[in-house]
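One structure below.
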Amino acid sequence: MSSVRRNPVLLFSVLLVVVSVSAFVEELDDSFLETRGADDIWLIKFYAPWCSFCKQLDPVWHQIGSELKSLGSPINVGKSDATVSKGLAKEFKVRGYPLIVMLKKDVRYFYSGPRTKDGIMDFANRVGGPLIRPLNSLQLFQHAMNRHDVMFVYVGATSQLKGNYTSAAEELIIHTFFFSSSRDVLPKAVSLPSLPAVVVFKDGTFFTFDEERDGDLKSWINRERFPNFFRIDSYTLYAMGDSGKLVVLALLEDSRVSEDSLRYKSLVEKVSSDHRDVYGRSFHFGFMEDSSYIEGLVMGDVIMPSVIVVNLSNDGYFLPEGAVETERHLLDFLNGILDGTVQCQGGNGVLQRVRRFVYDIRVSLMLLFRHAPVFGCFLVGFPFAMVTVFFYLCCKNRPTTSDDDDNDSVTPSLQRHSRLADKKSD
Ligand SMILES: *[C@@H]1O[C@H](CO)[C@@H](O)[C@H](O)[C@H]1NC(C)=O
Ligand SMILES: *[C@@H]1O[C@H](CO)[C@@H](O)[C@H](O)[C@H]1NC(C)=O
């Protein structure tokens with residue numbers, strides 16, 4: 001710091017950096033909605049000064065602002081203190097912090113993924129770009145194929161299906177990309193029964209949407225937007241809740257890769273690809289390396305590695321009775337879930353919610369004790385101490401009140417006490 005002070009050029013450049021860094025992110029107030037251009041695209045973070053998650057996000061937000069600017073992106077990056085610019089916060093229905101939202105024309109897209117630079121940048125680039133991206137050459141198609149694990153493509157001319165595809169994209173662009181193409185651009189190997197068609201490319205193969213079999217287009221896209229078998233984190237698992245499918249999870253130890261872990265992983269992966277026709281409609285498949293979400297769901301420790309099936313619509317879960325050693329065991333387990341012979345545990349009944357509430361408090365306290373034992377003792381000890389003092393005072397006062405009625409029964413110590421009190425009141 002002293003070298004900065006001594007060197008005016010250095011000081012100037014430091015100031016320049018500070019000024020230019022803050023210029024990447026604009027502070028927005030209540031006048032924002034009137035003054036912004038109608039076609040401007042904004043990525044906005046709503047925060048509160050006291051919110052620690054918001055503070056953690058600050059450096060990420062600056063990085064995002066500077067990166068988008070240096071890429072020449074049309075996306076503007078802003079932030080707004082929701083406790084000061086209350087009008088704007090109300091307009092965006094801000095309830096929790098930080099709230100990340102993208103405003104494109106008059107449509108708002110709320111971000112719910114992990115609060116990392118990569119996660120937010122992906123979201124911004126996807127939502128900020130065209131709603132449906134045209135793939136006009138085989139080269140573009142192949143480039144897109146290399147970049148996306150799951151890819152939806154509309155093939156054909158304008159039609160009612162195209163209208164449905166567009167309205168699905170308006171809602172689901174927060175989750176996945178939407179493309180369009182023409183029949184002659186796609187590789188010859190992609191055979192389509194008829195046009196127009198909506199095709200999803202994933203897991204090295206493709207499927208065509210069939211209204212009769214698959215129902216509503218938007219729900220189908222919502223179900224199919226996940227790869228057949230992949231690494232699932234708690235955000236993804238939460239997002240899968242909308243699809244209405246159950247999720248088959250191989251739970252793996254994240255610290256070390258044991259032979260057992262690998263066996264579970266490849267077993268679930270094998271069933272997901274070999275028996276896709278039978279189970280693909282009812283189940284998602286994946287593996288999870290962080291057990292904390294599942295421990296919260298089960299409200300206890302889980303055996304690792306193992307298999308669990310989760311019903312996200314009702315927080316229910318299914319556990320196999322014994323160890324899952326072979327493919328047959330896993331198939332029997334899945335069949336049992338489908339025909340109702342394997343009992344669903346957990347759920348979101350009143351009793352379960354109370355249990356979950358108690359469990360969450362216990363886990364929070366345990367975490368607190370592990371990371372800040374002194375503060376934990378204080379937090380738990382303080383109310384106990386208060387209650388103890390309260391009862392002590394009550395008990396102590398009771399004989400003192402009775403000594404007005406019956407002076408003889410007063411013990412010497414209390415007499416001393418009341419005499420002391422008399423002296424004080426003099
Ligand atoms: C397309 O949209 C129309 C009108 O909203 C609806 O009636 C129809 O069921 C939709 N079709 C599909 C396949 O989603
Ligand atoms: C999952 O939960 C939903 C909502 O409660 C329920 O309708 C559905 O039957 C459950 N699925 C299974 C397989 O238990």
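Numerical summary
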| item | result |
| --- | --- |
| From the options Asp277, Asp290, Asp332, residue that is outside any helix (DSSP H, G or I) and either within 16 Å of ligand 1 (Cβ to nearest atom) or open to solvent by 70 Å² or more (accessible area, probe 1.4 Å) (or both) | Asp290 |
| Qualifying residue in region 98-107 (condition: in contact (Cβ under 8 Å) with a residue 60 or more places away in the chain and on the phi > 0 side of the Ramachandran plot) | yes |
| Residue check for Asp149: free of Cβ contacts under 8 Å to residues at least 60 places away in the same chain and more than 16 Å from ligand 2 (Cβ to nearest atom) | no |
| Candidate set: region 207-247, residues that are over 19 Å from Leu338 (Cα atoms) and among the basic types (Lys, Arg); chosen: the one least open to solvent (accessible area, probe 1.4 Å) | Arg225 |
| Which listed residue is among the polar types (S, T, N, Q) and more than 27 Å from Arg231 (Cβ to Cβ), from Gln56, Gln139 | Gln139 |
| Region 233-261, residues that are in a helix (DSSP H, G or I) and charged (D, E, K, R) | Asp242, Glu259, Asp260 |
| One residue from Val101, Val127 being touching a strand residue (DSSP E or B) at 6+ places or on another chain (Cβ under 7 Å) and part of a strand (DSSP E or B) | Val101 |
| Residues located in region 64-92, provided they are over 14 Å from Leu103 (Cβ atoms), crowded, with 21+ Cβ neighbours inside 10 Å and of a type in the set (Val, Ile, Thr) | Ile64 |
| Unique match (being under 20 Å from Ser306 (Cα atoms), among the aromatic types (Phe, Trp, Tyr) and in a strand (DSSP E or B)) among Phe179, Phe201, Phe207, Phe230 | Phe230 |
| Of all residues in region 338-357 being open to solvent by 100 Å² or more (accessible area, probe 1.4 Å) and among the charged types (D, E, K, R), the one that is nearest to ligand 1 (Cβ to nearest atom) | Asp339 |
| Neighbours by Cβ (under 7 Å, 6+ apart or cross-chain): first from region 291-314, more than 16 Å from ligand 2 (Cβ to nearest atom); second open to solvent by 50 Å² or more (accessible area, probe 1.4 Å) | Ser291/Met304; Glu295/Asp301; Met299/Arg355; Pro305/Asp260 |
| Flag for Leu172 being within 16 Å of ligand 1 (Cβ to nearest atom), out of contact with any strand residue (DSSP E or B) (no Cβ under 7 Å at 6 or more places or on another chain) and at pLDDT 90 or above | yes |
| Residue match in region 130-146 (condition: over 29 Å from Val199 (Cβ atoms), out of contact with any Asp or Glu (no Cβ under 8 Å at 6 or more places or on another chain) and in a loop (DSSP other than H, G, I, E, B)) | no |
| Residue pairs meeting the criteria (Cβ under 7 Å; at least 6 apart or on separate chains; first farther than 18 Å from His284 by Cα and away from ligand 2 (no atom under 16 Å from the Cβ), in region 202-214; second in a loop (DSSP other than H, G, I, E, B) and open to solvent by 60 Å² or more (accessible area, probe 1.4 Å)) | Thr208/Pro193 |
| Count of region 255-272 residues which are modelled with pLDDT of 90 or more and open to solvent by 90 Å² or more (accessible area, probe 1.4 Å) | 1 |
| Criterion (of a type in the set (A, V, I, L, M), without any contact (Cβ under 8 Å) to a residue 40 or more places away in the chain and either over 28 Å from Asp214 (Cβ atoms) or more than 16 Å from ligand 2 (Cβ to nearest atom) (or both)) met by exactly one of Leu262, Leu267 | Leu262 |
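The values are calculated or read from the model by the stated rules, or taken from the named source; none is laboratory data. Note that the structure is predicted; figures quoted are calculated from it, not measured. Virtual Cβ from ideal backbone geometry, glycine too; neighbours counted across all protein chains shown. We work out accessible area using only protein heavy atoms, side chains counted, and drop any ligands, DNA or RNA first. Shrake-Rupley method; radii C 1.70, N 1.55, O 1.52, S 1.80 Å.
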